[in-house]
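Below is one structure; the comments refer to it alone.
The values are calculated or read from the model by the stated rules, or taken from the named source; none is laboratory data. Just so we're clear, the structure is a prediction, and the values are computed from it rather than from any experiment. Cβ sites come from the backbone with ideal geometry, for glycine too, and all protein chains shown count toward neighbours. Note: areas computed on protein heavy atoms with side chains; ligands, DNA, RNA excluded. Shrake-Rupley method; radii C 1.70, N 1.55, O 1.52, S 1.80 Å.
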Amino acid sequence: MFLCALFTCAPAGSAADGKKQDAGLWAFAGVSPKPFGGKWQMLYGLEYRSREHFRETSLWCVSVNVNYIFNSFIQIGTGYEFFMNREANGRFRPEYRYYPEAILAFGQGAFSTSLRSRVMNTFTRAGDPHWEGRNRLKASYAVRGTGLKPFVAAEPYHGIYPEKHRFRKIRYFAGCSIALNSRQKFDVYYLREDYLHDSFLRNVIQIEYNFNF
């Protein structure tokens, strides 16, 4: 209720139109089969995002991600995302992204931490690449006997080319992972997206559902 009141009081907008804040809902549903045994992990996903105080669709996205698990500490993988971005005139514009990634994880008792690094190329035309890095540091705590795992995270974005080696934006996360059973879980969290050079803030309620088999 507090977050909804906060979003209602904040002025809507986007970095592109000069406004300073916006709020929205991001919802993701994913399916994770293990087609090649326990060392491989795949994720097929569908995502919806809203903006303008939850009133307007921002984008739809379908994605696929595959990771190879070396051990409990190291994973490497790659992914592809296809976006349909809603423009100001109401039309949808396609956008594409692919990336390699590496994940380092460490756990001690109920506490766990991970670092996920990606190098992404996001583009609307194949001849017009836009390379960018993002690195998410996450810490979580498993509450014994409950299936709850509260977490916090931070994820800065930065340019790859030397002249663009600066942080463009950073995301802050605070939420909880809820395991329904061994195959299903929900992640519910608040996300704050800070565009550092545009003085623009986005407040997001995000819900993720994952089914493993």
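Here are a few things to note about the model shown:
- Gain on full extension, evaluated as 0.36 nm per residue between Ser199 and Arg93 minus their Cα-Cα distance, stands at 35.6 nm.
- Under the convention that each Lys and Arg Cβ holds +1 and each Asp and Glu Cβ holds -1, the size of the dipole of the chain around its Cα centre is about 360 debye.
- Close Lys pairs in the chain (alpha-carbon distance under 29 Å; sequence gap of 8 or more, or different chains): 18.
- For Thr57, net neighbour charge (Lys/Arg +1, Asp/Glu -1) across residues whose Cβ lies under 14 Å away: +1
- Option label - volume of the Cα convex hull per residue in Å³ computed here, alternatives (1) 141; (2) 184; (3) 150: (1)
- Share of carbon and sulfur in the accessible area of region 30-105 stands at 62%, probe radius 1.4 Å.
- Rounded, prolate or oblate (a/c below 1.5 giving rounded, otherwise prolate when a/b exceeds b/c) for region 145-213 by Cα gyration tensor: prolate
- Relative packing of 201-212, 87-98, which averages over residues the other C-beta atoms within 10 Å, highest first: 201-212, 87-98
- The mean sequence distance of close C-alpha pairs (under 8 Å, at least 6 residues apart), as a share of the length of the chain, puts its relative contact order at 16 percent.
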